[in-house]
Amino acid sequence: MSTTVNSNAGASASASTSTRGSDGRVFSYYPGCSQMAMNRAYDVSTRSVAARLGLELVELEDWNCCGATAYVAIREEQAFVLSARNLALAEQAGRPLVTACSGCFVVLNKANKYMAEDPELRSDITRALAAGSMRYRGTVAVRHFLDVVVNDVGEETVRAQVTRPLTGLKVAAYHGCQFSRPFGERADPEFPDTMDRLVNWLGGETVPFALKAKCCGGLMMTTQPDVGRALTGKILKAAKEAGADCVITCCPLCQFNLEGFQRRVGAAVGCDCALPVLYFTQLMGHAFGLDARALALGDSLTPVAELLHREAVHS
């Protein structure tokens with residue numbers, strides 16, 4: 001299963017020929033289950049953008065589900081064992097672990113921190129790993145790809161890649177409830193501004209958006225649809241009322257809820273909730289001049305390609 005960013009079939013020629021930065025920024029990349037299926041566009045655009053920025057993402061060999069979403073709520077310790085196995089694989093590879101999925105990031109990070117702080121939990125997980133002839137010593141740093149782009153790569157490098165500035169584009173930067181929680185290490189838990197800063201570097205404008213870290217309903221869209229639709233609808237309604245041309249997100253489940261149910265959530269909150277919804281990596285890639293295939297824009301359910309074509313013509 002091991003691949004590098006340069007082997008991705010969805011990347012454009014310009015992305016695939018990019019080499020890693022001179023400082024050798026190499027990460028073990030954990031794509032997660034959803035990005036191998038219904039959220040493929042996030043994986044494709046993440047690899048393409050990483051290549052353009054000189055980041056080398058080496059897919060973690062033999063990775064498994066991290067235990068996120070429903071499983072971690074029912075069998076937390078067993079979910080942590082699943083995450084610990086991925087951490088052990090990353091430790092063997094000798095690289096920090098990066099993921100673009102907020103759900104995966106939270107569970108992997110929790111497992112990492114809780115094992116370090118709780119000797120009993122660490123002992124239980126160590127025994128479970130030993131049954132598979134594995135061991136984790138606790139040396140791996142878990143990072144979200146958005147955090148790496150903004151806080152490691154930084155403004156100067158991002159701005160240098162922009163060939164199609166997002167001039168005039170108004171963006172609602174929806175971080176979701178997991179990017180900055182529960183630890184709040186790299187962004188304010190209630191009002192994160194990580195994607196806002198990124199949009200500014202790309203030449204766009206973020207709109208005032210008080211719901212940027214509120215829950216979209218997550219899996220309640222399927223288990224308690226009335227609640228899920230109301231929560232998602234509030235977010236889209238707030239974005240529309242703020243004058244946003246589109247919404248960007250850094251979470252596959254958030255993206256799915258925001259994009260896939262707009263008619264139903266609009267009916268739930270009494271508002272036209274039709275808005276293009278993109279991953280932040282797709283918006284970055286567009287600003288970098290990458291083509292639609294490199295960003296998997298064809299997978300979108302909302303008129304993302306039309307929006308970005310308009311921006312390309314205006315720029």
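The values are calculated or read from the model by the stated rules, or taken from the named source; none is laboratory data. Bear in mind that the values here come from a model prediction, so they are computed numbers and not experimental data. Cβ coordinates were reconstructed from backbone atoms using ideal geometry, including for glycine residues, and neighbour counts include every protein chain displayed.
State whether one or more residues within the range 121-133 are out of contact with any helix residue (DSSP H, G or I) (no Cβ under 7 Å at 6 or more places or on another chain), charged (D, E, K, R) and modelled with pLDDT of 95 or more.
Scanning the range 121-133, I find at least one residue that is out of contact with any helix residue (DSSP H, G or I) (no Cβ under 7 Å at 6 or more places or on another chain), charged (D, E, K, R) and modelled with pLDDT of 95 or more, so the answer is yes.
I need the full set of residues from the range 194-215 which are among the polar types (S, T, N, Q), touching a residue at least 24 places away in the same chain (Cβ under 8 Å) and over 13 Å from Val247 (Cα atoms), in order please.
Within the range 194-215, Thr194 is the sole residue that qualifies.
Being surrounded by fewer than 21 Cβ atoms within 10 Å (Cβ to Cβ) and in contact (Cβ under 8 Å) with a residue 60 or more places away in the chain is the filter here; which residues of the range 250-262 pass it?
Phe256
Of the residues that sit in the range 178-213 and are of a type in the set (A, V, I, L, M, F, W, C), under 16 Å from Phe145 (Cα atoms) and outside any helix (DSSP H, G or I), which one is farthest from the chain's Cα centre (by Cα)?
Among them, the one singled out is Ala187.
Assigned to a loop (DSSP other than H, G, I, E, B) and touching a residue at least 60 places away in the same chain (Cβ under 8 Å), is that true of Gly54? Reasoning before the result, please.
Details: assigned to a loop (DSSP other than H, G, I, E, B): yes; touching a residue at least 60 places away in the same chain (Cβ under 8 Å): yes.
Here the answer is yes, as Gly54 does meet what is asked.
Within the range 263-295, how many residues turn out to be assigned to a helix (DSSP H, G or I), buried (at least 21 other Cβ atoms within 10 Å of the Cβ) and either modelled with pLDDT under 95 or not assigned by TED's automatic domain parsing to the domain that holds Lys237 (or both)?
Here is the first cut: in the range 263-295, the residues assigned to a helix (DSSP H, G or I) are 263-269, 280-287, 293-295.
Checking which are buried (at least 21 other Cβ atoms within 10 Å of the Cβ) leaves us with 265, 268, 280-287, 294-295.
Filter once more, so that each one left must be either modelled with pLDDT under 95 or not assigned by TED's automatic domain parsing to the domain that holds Lys237 (or both): 265, 268.
Number of matching residues: 2.
Kindly indicate whether Val227 is touching a Gly at 6+ places or on another chain (Cβ under 8 Å), outside any loop (DSSP other than H, G, I, E, B), among the β-branched types (Val, Ile, Thr) and surrounded by 18 or more Cβ atoms within 10 Å (Cβ to Cβ). Walk me through it before giving the result.
Details: touching a Gly at 6+ places or on another chain (Cβ under 8 Å): yes; outside any loop (DSSP other than H, G, I, E, B): yes; among the β-branched types (Val, Ile, Thr): yes; surrounded by 18 or more Cβ atoms within 10 Å (Cβ to Cβ): no.
It is false that Val227 is touching a Gly at 6+ places or on another chain (Cβ under 8 Å), outside any loop (DSSP other than H, G, I, E, B), among the β-branched types (Val, Ile, Thr) and surrounded by 18 or more Cβ atoms within 10 Å (Cβ to Cβ).
Determine whether the range 137-157 contains at least one residue that is among the polar types (S, T, N, Q) and closer than 29 Å to Phe256 by Cα. Spell out how you get there, then give the answer.
Narrowing the range 137-157 to residues among the polar types (S, T, N, Q): 139, 151, 157.
Filter once more, so that each one left must be closer than 29 Å to Phe256 by Cα: 151.
Scanning the range 137-157 turns up at least one residue that is among the polar types (S, T, N, Q) and closer than 29 Å to Phe256 by Cα.
Could you please give the count of residues in the range 244-262 that are part of a loop (DSSP other than H, G, I, E, B) and modelled with pLDDT of 95 or more?
So the first thing to find is which residues in the range 244-262 are part of a loop (DSSP other than H, G, I, E, B), and the list is 244-245, 250-251, 261.
Now narrow it down to the ones that are modelled with pLDDT of 95 or more: 244-245.
The number of residues fulfilling the criteria is 2.
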